[in-house]
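Below is one structure, written out as C-alpha cells, with a few remarks after it.
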Amino acid sequence: MMKNAMYLIVLVCFLVSPVTVHAQDENPEVFLETERSEFQKIPIWIMGFAGSENPSEDDAGIGKQVGSILQADLRRTHVFKVMKRATDVLPLSKAGCEEKAPIVKARASNAPVATWGRIGRKDGKLLLEACAYDGGGTDSVAIGKRYTGKPINVRLLRSMVHRWADALVEHYSGDSGIARTEIMYVSEDKTGRRHIYKMDYDGFGPRRVTSDPILSLMPDWSPDRRAVVYTTYHDNNQEIVRIELGKKLGQGNKRTLVPSQILNITPAVSPDGRQLAYASAKDSARKSNSDIFIMDLSTEKKTQLTRRASAELSPAWSPDGRELAFTSDQTGRPQIYIMRADGKKVRRLTFGGRYNAAPSWSPRGDWIAYVCRLPGYGLKLCRISVDGKRRVQITSGPPSEIDDSPSWAPDGRHLVFSSTRGGRSHIFMIQYDGTGLEQLTKGGIHHSSPAWSPLSE
C-alpha cells in the first residue's frame, strides 16, 4: 500500500513541479528587473516597554522581549523602517498613554513615529498597554490600545504584540497588517509520512493539524480560517477532505469532499467559501491528463470545467471569485491560463519560457505569482500582471536551489514558498519585490506546500 501511495505522490510532484529538470530555455523570456517599494517607509522608534509602573530588572527583560517581537513585526512590513536608536524601560503611570513624560520624550526625539507601553499582570490576566506618537506638534498620542487576556503564556504575549503591530500598520497605511496570520504547510517525519502543520506567520509555534496514516498534502484554508482542505490517501487512491480546526488532533470533524480516485489534487476554496476547485483524473488511463472541476460545497454538485487531452491542474481563484488561473500543458509545455469560473473564455497568460506553473492570485487582484524556469536560475518565482503585459522575477539563486509553491499573504505584499536552499526543502517568506527573504522553518526532514491564511476576524 505504501509503495503504491508513494508512486502516486511521485506522479503528482512530476505534474506540479518537475524539479529534476534544469535544461535552459532556447527562447528565454525577458523579465523586468525587481521593482522597488511603491512608497517610502515611515521611520519608527521603539522607545521601550515597561514591565510595571516601577520596573524591576525582571520587568526590563519582559519589556525587551516585547520590543524585540514588535521590531521584527514592523521590519517585515512595507510601512515602517525601525530606527536604530536605544530603547528604554520607560515607566508609565496610571495615566497610561496620556502620561506626559513619554510624550515629551517622543516629541523631543524628532522621530516621525515613536511607540512605547507597558506589559504586566492584572486580576490574573496579562495586560499590554501600547501607545504611539507622531510629530504632529500636539501633546496627545496618535493611537493607543489596551489588550488583556489569559492564560498567561508566550503565545498570548506574542499575540498581543502582533495585534499592536497590525494596529500601527492599519493606522498609518489604511491596510490590514498580517502579524496575526498563520501559515499551513506539509512536513515530513522520520517515518516518511507527511502531515499538515500550521505555524504563526513568522514561523513560531508549529502545530500538527492532521493525523492521516500515510500522506497529507496540498493544504488550503477556508476563508474563515476555521477549516482546511487537503489531499490524502484512501485505498491507494487520492481523496480531498475537509477538517475543522480548533479541536484536538484526530478529533476534528472530518468530511470527505471528493471521494477516492486515481488523482485528486490541488484543492482551492473560493473566496466566499461556497465552492471548491480542484484537479482530478478518474482512472489510471488518464492519470497524466487531469481536468479542472468545481464543487458546490453545500450541494456537493460537481462541474467539469476543462476537457482536454492534457494535464490541467493547480486552480487559483481570483479575489472576486469570478475567474480561475490554472496550469495546462496543452501546448506541450506547462503554461498559465485564465478562465471564467464557469470554464468559458479561456486565455493563455504566459508565453515566454518553457515552464510556468503553480499560479497564485494576489489578494489585490493585480498579480499572479508562479513558478518559472529561467536561464541561469532554474526554477524560481516570478509574477505577472493579469493582463500579461508586465513580468517580474521575484527570487534568484543557482539552478540547484528550487523555489516552488508560492502563496500570497492577505496584504498582497508578501509571499511564502518552499525552497531547497541549503539542501533541504524549507518554508521561506519574501516581499513581493524580492526583498526581505526569511527562512521560517527550522530542522526537520522536508517542509513544503505552504498556504498563507486569510486575515484574522
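Among the residues of the range 353-364, how many are open to solvent by 20 Å² or more (accessible area, probe 1.4 Å) and not in a strand (DSSP E or B)?
Here the count works out to 3.
From the set of residues in the range 185-203 that are among the basic types (Lys, Arg) and in a loop (DSSP other than H, G, I, E, B), which is farthest from the chain's Cα centre (by Cα)?
190
Scan the range 431-457 residue by residue and report those that are under 10 Å from the mean Cα position of the chain (by Cα) and in a loop (DSSP other than H, G, I, E, B).
Those that are under 10 Å from the mean Cα position of the chain (by Cα) and in a loop (DSSP other than H, G, I, E, B): 453, 454.
For the range 271-281, what are the residues that are buried (at least 23 other Cβ atoms within 10 Å of the Cβ) and outside any strand (DSSP E or B)?
none
For the range 207-238, how many residues meet the condition of being of a type in the set (Asp, Glu) and open to solvent by less than 20 Å² (accessible area, probe 1.4 Å)? Break it down into steps so the answer makes sense when it comes.
Taking the range 207-238 first, the residues of a type in the set (Asp, Glu) are 212, 220, 224, 235.
With open to solvent by less than 20 Å² (accessible area, probe 1.4 Å) added as a condition, the list becomes 212.
So the count comes out to 1.
Take residue 313 and decide whether it is crowded, with 19+ Cβ neighbours inside 10 Å and over 22 Å from residue 412 (Cβ atoms). Spell out how you get there, then give the answer.
Details: crowded, with 19+ Cβ neighbours inside 10 Å: yes; over 22 Å from residue 412 (Cβ atoms): yes.
Spelling it out, residue 313 is indeed crowded, with 19+ Cβ neighbours inside 10 Å and over 22 Å from residue 412 (Cβ atoms).
Please tell me if residue 331 is surrounded by fewer than 20 Cβ atoms within 10 Å (Cβ to Cβ) and either without any contact (Cβ under 8 Å) to a residue 24 or more places away in the chain or not polar (S, T, N, Q) (or both). Full working, then the answer.
Details: surrounded by fewer than 20 Cβ atoms within 10 Å (Cβ to Cβ): yes; either without any contact (Cβ under 8 Å) to a residue 24 or more places away in the chain or not polar (S, T, N, Q) (or both): yes.
The answer is yes for residue 331.
Quick one: which residue in 170, 239 is free of Cβ contacts under 8 Å to residues at least 40 places away in the same chain and not in a helix (DSSP H, G or I)?
Answer to the selection: 239.
Being in contact with a strand residue (DSSP E or B) (Cβ under 7 Å, 6 or more places away or on another chain), open to solvent by 10 Å² or more (accessible area, probe 1.4 Å) and on the phi > 0 side of the Ramachandran plot: is that true of residue 174 here? Outline the logic, then answer.
Numbers: in contact with a strand residue (DSSP E or B) (Cβ under 7 Å, 6 or more places away or on another chain): no; open to solvent by 10 Å² or more (accessible area, probe 1.4 Å): yes; on the phi > 0 side of the Ramachandran plot: yes.
Spelling it out, it is not the case that residue 174 is in contact with a strand residue (DSSP E or B) (Cβ under 7 Å, 6 or more places away or on another chain), open to solvent by 10 Å² or more (accessible area, probe 1.4 Å) and on the phi > 0 side of the Ramachandran plot.
So, residue 376, is that one in a loop (DSSP other than H, G, I, E, B), at pLDDT below 95 and loosely packed, with under 15 Cβ neighbours inside 10 Å or not?
yes
Every residue, every condition in (1) in a loop (DSSP other than H, G, I, E, B); (2) open to solvent by less than 50 Å² (accessible area, probe 1.4 Å); (3) modelled with pLDDT of 50 or more, yes or no:
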{"position": "9", "(1), (2), (3)": "no, yes, no"}
{"position": "30", "(1), (2), (3)": "yes, no, no"}
{"position": "43", "(1), (2), (3)": "no, yes, yes"}
{"position": "58", "(1), (2), (3)": "no, no, yes"}
{"position": "66", "(1), (2), (3)": "no, yes, yes"}
{"position": "72", "(1), (2), (3)": "no, yes, yes"}
{"position": "94", "(1), (2), (3)": "yes, no, yes"}
{"position": "108", "(1), (2), (3)": "no, no, yes"}
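Let me confirm something: among 266, 299, 306, which residue is open to solvent by less than 30 Å² (accessible area, probe 1.4 Å), more than 25 Å from residue 209 (Cβ to Cβ) and of a type in the set (Val, Ile, Thr)?
306
What are the residues in the range 204-223 that are aromatic (Phe, Trp, Tyr) and not in a strand (DSSP E or B), if any?
Within the range 204-223, 204 is the sole residue that qualifies.
When you check residue 199 against the structure, is it closer than 24 Å to residue 158 by Cβ and surrounded by 22 or more Cβ atoms within 10 Å (Cβ to Cβ), yes or no? Before you say what the answer is, go through the steps one by one.
On the way: closer than 24 Å to residue 158 by Cβ: yes; surrounded by 22 or more Cβ atoms within 10 Å (Cβ to Cβ): no.
Taking the combined requirement at face value, the residue does not satisfy it.
Filter the range 403-430 down to the residues that are buried (at least 22 other Cβ atoms within 10 Å of the Cβ) and either at pLDDT below 95 or part of a loop (DSSP other than H, G, I, E, B) (or both) and list them by number.
Residues satisfying the conditions are 409, 411, 413, 425.
Within the range 431-438, is there a residue that is at pLDDT below 95, of a type in the set (Asp, Glu) and within 22 Å of residue 41 (Cβ to Cβ)?
Yes, the conditions are met somewhere in the range 431-438.
Among the residues of the range 435-448, what is the count of those that are open to solvent by less than 30 Å² (accessible area, probe 1.4 Å) and of a type outside the set (Val, Ile, Thr)?
3
Please determine, by comparing only the residues of the range 110-126 that are within 20 Å of residue 87 (Cα to Cα) and touching a helix residue (DSSP H, G or I) at 6+ places or on another chain (Cβ under 9 Å), which one is surrounded by the fewest Cβ atoms within 10 Å (Cβ to Cβ).
Among residues in the range 110-126 that are within 20 Å of residue 87 (Cα to Cα) and touching a helix residue (DSSP H, G or I) at 6+ places or on another chain (Cβ under 9 Å), the one surrounded by the fewest Cβ atoms within 10 Å (Cβ to Cβ) is 120.
Go through (1) outside any strand (DSSP E or B); (2) touching a Lys or Arg at 6+ places or on another chain (Cβ under 6 Å); (3) among the small types (Gly, Ala, Ser) one by one and return the number of the condition residue 369 breaks.
(1)
Restrict the check to the range 383-390 and report whether at least one residue is assigned to a loop (DSSP other than H, G, I, E, B), under 26 Å from residue 308 (Cβ atoms) and among the hydrophobic types (A, V, I, L, M, F, W, C).
yes
The values are calculated or read from the model by the stated rules, or taken from the named source; none is laboratory data. Keep in mind the model is a prediction, meaning the values are calculated, not measured. Cβ coordinates were reconstructed from backbone atoms using ideal geometry, including for glycine residues, and neighbour counts include every protein chain displayed. The area values use the complete protein model at the heavy-atom level, side chains included, leaving out ligands, DNA and RNA. Shrake-Rupley method; radii C 1.70, N 1.55, O 1.52, S 1.80 Å.
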